[in-house]
């Protein structure tokens, strides 16, 4: 395929770990005229985006903005600003994105300890408590991934920040696959530094990293012994561009911010509670359908993620062949496994526009056809109907 | 203005230092369906983008890709990968973007020396030679800005890389305001590490940083004593995603890459030589017009940048009032001065779609009206006509 063929891009149904399906309204927002990054009209859009991000994050934090990079740039910003060389950092590693966080923190010169959790499980708060109590010296930061995209586990967060704060650490959380699909509740849960991405439950193309940090975190940033090594992601400078001062830092990715503004406007119109309920219903329908087809889910229902489901690849079935047929014959993308799950697990997203009955039945009926199984679609429809009150 | 009003974004004529005007073809490219970042169809587009970037950069370098951030992320990547803690770095500072480069390199732990050049002037190669010869110890990197957006100076590069290489250093060059408007000629000029941006002469919205590095630079990267502190911008990992291996690193900003693909396709259709000539003609027309109105240009003709012109604000004229009237009454954005040029200089871009006669006469006629001057438009039209053979 060559780019120059204008009909070369088909409409894929994106049911993998992201990017998720993007509405034409959001895609067309990027086609609007480009404004200068210091134009008063653009600054007004920035204010609106920041305000809506606060609402989706569940925070009154002054600092709430989309960083000019993908979700991974959010991770980078979190560690570049809050992991100082020689500081002790505890990272909960329960999957690939926890591993990356540990890697990125170590690259900043942090003395990283890892609290390992088996892939497919959630952290037990008691385990964290023990680890913090028995630490030789206090940690500056405790970091974890709230919605682990490599395993499909939703880490319960309630009570964790009290524990972390009692031991004098900042609580740093990856909410990439959570934001817009389930409550992040930054203030209620006492999260200090949180990063996310646009291409999952916010239903916006990849390219921006929604980010927020509270006053305790900002105080620590202001007292750093060394300058933030990343000029591009130094939040004390970015804050001056996004805040009232409008200090020029870098040229904002204007068109991407239009997309985010439109995506947030659509979320506002739907309402957060309705949106979260829709994600729960779509995942319940997917789970019912997969199980009715005789497939088994990787994660216990108690900690199963609403936005991304991991399912065991049945014995004797070739991962690559099935995903290739889904893509080429049905126009549907699902994700393969990463790390230890490679070739053993599929990852099916129900994110944003994909968290509806129709895309769920489409992926199930395609799987039924390819795997020669039945009952999935029927079970999904029934589950969708019976969860309407959720 | 609220985002939710669909008619809220006017068509500004962007004649400042960038973003430059973006064609509807490029803007609409972002509205195409989103593909997954590992979809074979998207990988084919990535290959095409990399190949066209090589052509625009003037290089056969294997590593040529758009980084997932704005031009400043390109600067960050250059220093994060090639400035190791304790290494001696020489930065030529002839304006704000040179200062930033020095700042960013120092944040990486580089021992940064600055070769200061007065704002509005170019570096004299003899000065660099003396500095390199008299250095107490060899520099690992010599860095400079090719097209200084804060001053409007085009730094002549011919011969510099020989000088830098003779002294055992890598040559690192900022080509943000050059790429697509004038030859960068990476291979012919022997540039080792080069970063750029999309929102200037490439006529694509801000959000990506075209980047290239040669084998000598990659050898040094492979022999680093410490890991690259930035996980997000570690080129040894990014190379594995953009290269044949397709190793998953981060979710590429798919829609922005569509915009770049379309922008590069348009450049291909125009031809590089024709495009460079168009930038020369448009700037010549602008210069003639400004001078005919009695305004004086900041930079000597010999080192004046084709894509961005700095002009002295006449005595008694209020910078903010004039720029405000241009924006609000004429829908035209030009740039104010930065640093020592603040309030004293305007910056007028002739970049990409803005490098044509019509936008130049629009900005000149608006300035004529606001400043009560005449002759600018007439002189510009004449200059455009007489330079048609350039």
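Any read-out appearing in this document is the output of simple, stated calculations on the displayed coordinates, not a laboratory observation. None of these values were measured; they are calculated from a predicted model. Positions of Cβ are generated from backbone atoms using ideal geometry, with glycine treated the same way; all protein chains shown enter the neighbour counts.
Odds and ends about this structure:
- Degrees between helix B:376-386 axis and first principal axis of chain B (Cα, 0 to 90, nearest 10): 60 degrees
- Top of B:39, B:47, B:174 by mean-square fluctuation, Gaussian network on chain B, Cα under 10 Å: B:39
- Percent of Cα pairs exceeding the 18 Å cut-off, where the set is region B:290-358: 41 percent
- Between this copy and the others, label points of residue B:114 are 4.2 nm apart in ascending order, each placed 7 angstrom from Cα in the Cβ direction.
- Taking the Kirkwood radius as Rh and the Cα radius of gyration as Rg, region A:257-306 has a ratio of Rg/Rh equal to 1.16.
- Ascending list, in nanometres, of distances separating the residue A:219 label from those of the other copies (7 Å, Cα toward Cβ): 5.3
- Test item: B:112-119 mean partner chain Cβ contacts at 10 Å: 0
- Cβ crowding within 10 Å, taken as a proxy for footprinting-reagent exposure, orders A:283, A:72 from fewest neighbours to most as A:72, A:283.
- Percent antiparallel among DSSP beta bridges (both partners in region B:24-268, rounded to 5): 35 percent
- Region B:227-260 and region A:1-56 have Cα centres lying 20 Å from one another.
- Angle in degrees between helix B:272-292 and the longest Cα principal axis of chain B, rounded to the nearest 10: 40 degrees
- Most mobile listed residue (B:35, B:144, B:53) in chain B, GNM with C-alpha springs under 10 Å: B:35
- Tilt relative to chain B, helix B:71-82 - C-alpha long axis, 0 to 90 degrees, to 10: 20 degrees
- Protection proxy ranking of A:215-223, A:313-321, B:248-256, A:194-202, by the mean of other Cβ atoms within 10 Å over each peptide's residues and highest first, is A:194-202, B:248-256, A:215-223, A:313-321.
- For chain B, alpha-carbon Rg relative to the globular expectation (2.2 N^0.38 Å, N residues): 0.99
- The Rg/Rh ratio of the protein assembly as shown, with both radii computed over alpha carbons and Rh defined as the Kirkwood radius, is 0.98.
- Peptide B:8-21, shielding by other chains (average Cβ, 10 Å cutoff): 4
- Given R0 = 60 Å, the distance between the Cβ atoms of residue A:158 and residue B:60 translates into a calculated FRET efficiency of 0.60.
- Share of Cα-Cα pairs in region A:271-386 lying beyond 26 Å, as whole percent: 12 percent
- Shielding by partners for peptide A:94-106, expressed as the average number of C-beta atoms from other protein chains within 10 Å of each residue's C-beta, is 1.
- Region A:262-329 and region B:332-357 have Cα centres spaced 50 Å apart.
- Figure legend: label point modelled 7 angstrom from the Cα of residue A:319 along Cα→Cβ; residues of region A:289-308 with amide N under 17 Å from it are A:296-299.
- Förster radius 51 Å - calculated FRET efficiency between residue A:272 and residue B:273, Cβ distance, rounded to 0.05: 0.40
- Distances between equivalent label points of residue B:5 across the copies, with each point positioned 7 Å along Cα→Cβ, amount to 4.4 nm, shortest listed first.
- Scoring A:88-95, B:118-125, B:363-370, A:265-272 by mean Cβ neighbours within 10 Å over their residues and listing the highest first yields A:88-95, B:363-370, B:118-125, A:265-272.
- Largest GNM mean-square fluctuation among A:59, A:226, A:361, using chain A with Cα springs under 10 Å: A:226.
- DSSP-defined beta bridges in the protein assembly as shown - what % are antiparallel, rounded to 5: 50 percent
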